[in-house]
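The structure appears below as structure tokens.
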Amino acid sequence: MSERRTWAPWAMSAPALLLFAVMLAVPLLLTTILSFNAYHVDTGPVAGSFTFEHYVHIVTDSYYYEIFWRTLWISGLVTLICIAIGAPEAYILSKMRAPWRSIFLLIILAPLLISVVVRAFGWSMLLGPEGLINDIFRLVGIGPVKLLYNETAIVIALVHVMLPFMVIPVWTSLQKLDPSVESASLSLGASHFTTLRRVVFPQVLPGILSGSLIVFGLAASSFAIPGLLGGRRVKMVATLIYDEYLHELNWPLGAAIAFVLLAANLVIMLGWNRMVEGRYKKTLG
């Protein structure tokens, strides 16, 4: 009987583990192997070869440093803006009553039903020289402002796309918060700001952590928005990988860039997770 109980969880998890291996682990392994293959201009990737040339090329060329730095700071800025907007939005949502809570939750989730490409084209129309935003700027006398094909356009569109991924985890954490704790803080003379800072905020840190990890990871690996709103000059790592695979046909170099991006994301996200969890444990004991 004890042996059955030991094997039962593994047997129930087997389909999910198999799907994980087929859809994620195997492609990741093949990409890693490809990144170490040599590349020849005439013949393409040389199967069975082994070289560190592509990784050395990435580390020694300042061109890649610039693109990686742009990708990371844009992803970090998008994450901070999503926290600044999403956390208060989730708090307001948690205070709403039915049916307004369901209506506003539907409004927050509705953009997820629309393709990212469609939303990117919508932002290109809004941010263009003849778009609605520049029309408003002309009315107030500011004149046309270049908002398209630069980092500003990418940040604006990414915040719009990623905001639901921040609101939902924070809102879920707020749902677990005992309302009487907040009421007790107010009844003891604490201001609303002090209650939010010292009572509510520490308890929703897990939701903020989850949302920030999701937003940063998706923003750093996003392709459609940087490709459509950044243009050919403002490259991010995902668009660079696309160029190496389909334009230069240098698959090993593209695989090496993808692996470096994955490693950088993991290091940053694990470090952020460790820092926030440490503060959470320190605050709540």
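The values are calculated or read from the model by the stated rules, or taken from the named source; none is laboratory data. All of these numbers come straight from a predicted model, not from anything done at the bench. Cβ coordinates were reconstructed from backbone atoms using ideal geometry, including for glycine residues, and neighbour counts include every protein chain displayed. These accessible areas exclude ligands, DNA and RNA; they are computed on the full protein's heavy atoms, side chains included. Shrake-Rupley method; radii C 1.70, N 1.55, O 1.52, S 1.80 Å.
Report the extension gain between S49 and M96 in nm, rounded to one decimal, defined as 0.36 nm multiplied by the number of residues separating them, less their alpha carbon distance.
Numbers: separation 47, 0.36 × 47 = 16.92 nm, distance 6.12 nm.
Full-extension gain reported as 10.8 nm.
Which of the trypsin sites (Lys or Arg not before Pro) found in region 93-135 are loop residues per DSSP with 11 or fewer other Cβ atoms within 10 Å of their Cβ? Please report the intermediate quantities before stating the final value.
Details: sites: K95, R97, R101, R119; in loops: R97.
Here the trypsin sites (Lys or Arg not before Pro) that fit, given the DSSP loop and packing criteria, are R97.
Rounded to the nearest whole Å², what accessible area per residue is found for region 134-236 with the 1.4 Å probe?
Working: 5030 Å² over 103 residues.
Dividing the accessible area of region 134-236 by its residue count gives 49 Å².
Counted as membrane-span-like here are DSSP H helices of the chain whose alpha-carbon atoms extend 27 Å or more along the helix's own axis and whose Kyte-Doolittle mean is 0.0 or above; these are 2-20, 62-95, 151-175, 251-284. Comparing I83, I103, I168 in a Gaussian network model of the chain where C-alpha atoms under 10 Å apart are linked, the largest mean-square fluctuation is found at I103. Here the Gaussian network model covers the chain, with springs between Cα atoms less than 10 Å apart; of A87, A153, A263, A263 fluctuates the most.
The length gained on full extension between L139 and A25, counted as 0.36 nm times the residue separation minus their Cα-Cα distance, comes to 35.6 nm.
Averaging Cα coordinates gives a centre for region 1-54 and one for region 213-234; these two points are 26 Å apart. Ignoring ligands, DNA and RNA, what percent of the accessible area of region 197-265 is carbon or sulfur (1.4 Å)? Using a 1.4 Å probe with all protein chains present, region 197-265 comes out at 65 percent carbon and sulfur. Rolling a 1.4 Å probe over the protein chains gives R232 an accessible area of about 150 Å². Computed from the C-beta positions of F121 and T6, the FRET efficiency with R₀ = 45 Å rounds to 0.25.
Relative contact order, whole percent, for the chain stands at 26, derived from Cα pairs under 8 Å and 6 or more residues apart. For the chain, the number of Lys pairs separated by eight or more positions or lying on different chains, with C-alpha atoms closer than 28 Å, is 6.
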